[in-house]
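Novice: Structure in structure tokens, see below.
Read-outs: derived from the displayed coordinates by stated rules, not from any lab. Since this is a predicted model, take the numbers as computed values, not measurements. Ideal geometry is used to build each Cβ from the backbone, glycine not excepted, and the neighbour counts take in all protein chains shown.
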Amino acid sequence: MRLPSRSESARLTASGMRMSVAVILGFGIATRNLSVLINAVVALAVTYLPALLERDWDVRLSPGLTFVVTLAVLLHALGIVGLYEEVWWYDHLTHTLSAGLVAAVAYAATRALDLHSEEVSFPPRFLTAFLLLFTLALGVFWEVLEFAARHGAEILGVEAVLVQYGLEDTILDLVFDTVGAVLVALFGTGRLAGLVETVRERLAESVGHE
């Protein structure tokens with residue numbers, strides 16, 4: 001009996017995690033929990049993003065990267081069910097992972113543009129600084145969304161879709177956002193070479209069609 005390859009194992013695991021998100025969605029529907037329901041719907045939609053990118057843009061994510069994307073949204077969905085409140089380090093884990101994905105996407109896009117165009121040049125130090133600043137900027141935007149969601153829910157008298165636990169929690173979230181970006185800058189850029197090349201090819205094709 002042939003054992004599945006690492007790529008096949010990653011795909012199978014991602015499919016299993018997608019089913020887990022669907023179960024969480026069913027739980028949200030059954031319990032009429034708006035927060036769980038909305039977050040699970042968004043998480044489930046994100047799990048199909050790699051397939052949509054491949055179909056519509058011919059951008060193929062590696063099985064490993066697809067696995068990480070699916071894992072990130074599954075962990076967030078599980079957090080909304082209760083782990084964010086019950087496990088003190090859980091929020092730090094999800095922020096580190098999500099920030100790492102943001103940094104990976106930012107690196108792939110920027111590096112592909114650098115390779116595609118002779119009119120721009122991004123030195124390694126600039127790329128590192130850009131990853132950190134871009135990831136932090138989106139992190140701040142997310143914290144603002146959480147703040148607005150909490151106060152909007154209080155005004156409307158409904159359960160908040162996103163929860164923000166105060167200033168200390170916001171600062172810690174941004175710290176772990178930075179950790180995620182730093183990890184990608186130090187150890188992840190080499191693993192993104194395939195994605196960078198794919199994005200560069202799509203840029204070249206789009207320019208050629210103009």
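Novice: Suppose we flag chymotrypsin sites (Phe, Trp or Tyr not before Pro) only when DSSP calls them loop and at most 12 other Cβ atoms lie within 10 Å. Which is the longest uninterrupted stretch of the chain?
Specialist: On the way: sites that count: Tyr48, Trp88, Trp89.
Here the longest run is 90-210.
Novice: Note the listed values (i) 11.0; (ii) 15.0; (iii) 12.0, then indicate which one is mean projected area of the Cα convex hull in nm² calculated from this particular structure.
Specialist: Evaluating mean projected area of the Cα convex hull in nm² on these atoms matches (ii).
Novice: Follow-up question, since we're still on this one. What number, in percent, do you get for the relative contact order of the chain if the mean sequence gap of Cα pairs under 8 Å and at least 6 apart is divided by its residue count? Can you show the working numbers first?
Specialist: Values: 218 pairs, mean separation 51.6, N = 210.
For the chain, the relative contact order is 25 percent.
Novice: Between the alpha-carbon centers of the stretch 119-142 and the stretch 165-210, tell me the distance in whole angstrom.
Specialist: Taking the Cα centre of the stretch 165-210 as reference, the centre of the stretch 119-142 is 9 Å away.
Novice: Let me ask you something else. What does the charge dipole of the chain about its Cα centre add up to, to the nearest 20 debye, if the Cβ of each Lys and Arg holds +1 and the Cβ of each Asp and Glu holds -1?
Specialist: Dipole size: approximately 740 debye.
Novice: Same structure, new question: Among Val144, Leu93, Leu156, whose Cα lies farthest out toward the positive end of the dipole of the stretch 88-210, if unit charges sit on the beta carbon of Lys, Arg (+1) and Asp, Glu (-1)?
Specialist: The residue sitting most towards the positive pole is Leu93.
Novice: Here is a follow-up. With charges only on Cβ, +1 for K and R and -1 for D and E, what is the dipole size of the stretch 1-85 about its Cα centre, in debye, rounded to 20?
Specialist: Values: 7 positive and 5 negative charges, 43 e Å.
Dipole size: approximately 200 debye.
Novice: Please identify the helices of the chain, taking whole runs of DSSP H, that span at least 15 Å along their own axis as judged from the Cα atoms and have a mean Kyte-Doolittle score of -1.0 or higher. Kindly include the intermediate steps, with their values, before the conclusion.
Specialist: Working: long enough: 6-31 (37 Å, 0.62); 34-47 (20 Å, 2.36); 63-78 (22 Å, 1.96); 90-116 (39 Å, 0.48); 124-156 (48 Å, 1.18); 167-183 (24 Å, 1.24); 193-208 (22 Å, 0.12).
Qualifying helices: 6-31, 34-47, 63-78, 90-116, 124-156, 167-183, 193-208.
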